[in-house]
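The values are calculated or read from the model by the stated rules, or taken from the named source; none is laboratory data. Fair warning: this is a prediction, and the values are worked out from it, not measured in the lab. Glycine gets a Cβ as well: all are built from the backbone with ideal geometry, and neighbour counts include every protein chain shown.
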Amino acid sequence: MKKQMNLIKEFVKMLLIVALLTLIGKESKAQVLPEYSAFPETSVGLQLGTQGFGIQGTKSFARFFNVRVGFNTTADLSFQYNNRTTQLDRTSVYAIIDWQPLYGRTDWFASKWFVSTGVSYYFTNSLYRQGIDQVPNYYIYMSKFRPYIGTGLGNISISDHIGLRTDFGWFIPTSAATSTYENKADKVSTGIRGLLPGLNAGATIYIKF
């Protein structure tokens with residue numbers, strides 16, 4: 001319970017940061033040209049992707065920067081793989097700063113492209129695998145604290161008040177995965193499979209304010 005309270009406090013701190021940036025943004029609002037910006041002034045949206053589904057809030061500031069805070073979960077997603085049950089249990093909060101390198105140019109890509117860095121914390125981040133033959137059921141536990149790097153396209157207009165943002169990046173593990181059975185953690189630690197747990201490929205549909 002104490003650990004959960006600390007995590008809630010950290011999330012509240014992130015929200016306070018957004019509030020502070022909102023005030024800063026109001027001071028520089030006149031300098032921001034919406035037709036050049038990859039970010040709405042303020043938005044709240046629903047995200048769906050490899051990290052699950054969740055809620056995301058954003059605030060642009062200082063002309064070509066944007067801050068995002070959000071929450072993602074897989075809601076104990078279960079599926080069949082090789083006729084055995086696999087269950088992914090992942091819930092996280094994150095804070096991301098976006099930078100638009102080509103702000104001020106008029107072409108479409110320059111006005112939409114951004115790069116990102118940030119950090120996430122996973123309340124849960126595990127994989128359950130049903131056993132077979134001599135292999136029992138087992139769990140794989142993955143890194144909970146993860147820095148983030150990525151890129152994407154933003155402020156894609158769907159209507160006057162609704163927009164689309166896409167993301168592609170990686171939440172980088174800071175510790176090795178562990179398993180309750182032998183070396184099964186290698187399944188999420190080596191090669192391309194090692195990239196998949198941290199992959200962030202998704203889209204957010206949001207309301208602009």
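For segment 145-159, a residue qualifies if it is part of a strand (DSSP E or B), hydroxyl-bearing (Ser, Thr, Tyr) and farther than 18 Å from Lys59 by Cα, and exactly one does: Tyr148. Among the residues of segment 58-72, those identified as crowded, with 18+ Cβ neighbours inside 10 Å and either in contact with a Cys (Cβ under 6 Å, 6 or more places away or on another chain) or assigned to a strand (DSSP E or B) (or both) are Thr58, Lys59, Ser60, Phe61, Phe65, Asn66, Val67, Arg68, Val69, Gly70, Asn72. Would you confirm, using the coordinates I've provided, whether Gly198 is within 21 Å of the chain's Cα centre (by Cα), farther than 17 Å from Asn125 by Cβ and buried (at least 20 other Cβ atoms within 10 Å of the Cβ)? When the stated conditions are applied, Gly198 does not pass them. Selection of first residues in segment 160-176 that are closer than 14 Å to Gln56 by Cβ and of second residues that are among the aliphatic types (A, V, I, L, M) and not in a strand (DSSP E or B), restricted to Cβ pairs under 9 Å at least 6 apart or on distinct chains, gives the following pairs, ordered by first then second residue: Leu164/Ile158; Arg165/Ala38.
Of the conditions (1) in contact (Cβ under 8 Å) with a residue 60 or more places away in the chain; (2) buried (at least 16 other Cβ atoms within 10 Å of the Cβ); (3) not hydroxyl-bearing (Ser, Thr, Tyr), Phe123 fails just one. Which one is it? If we test Phe123 against (1) in contact (Cβ under 8 Å) with a residue 60 or more places away in the chain; (2) buried (at least 16 other Cβ atoms within 10 Å of the Cβ); (3) not hydroxyl-bearing (Ser, Thr, Tyr), just (2) comes out false. Restricting segment 82-101 to residues that are outside any strand (DSSP E or B) and out of contact with any helix residue (DSSP H, G or I) (no Cβ under 9 Å at 6 or more places or on another chain) leaves a set whose member that is modelled with the highest pLDDT is Pro101. Looking across segment 166-209, the residues that are among the hydroxyl-bearing types (Ser, Thr, Tyr) and part of a loop (DSSP other than H, G, I, E, B) come down to Thr174, Ser175, Thr180, Tyr181, Ser189, Thr190.
Would you check if Thr190 is more than 23 Å from Ile97 (Cα to Cα) and either modelled with pLDDT of 95 or more or within 19 Å of the chain's Cα centre (by Cα) (or both)? Here the answer is no, as Thr190 does not meet what is asked.
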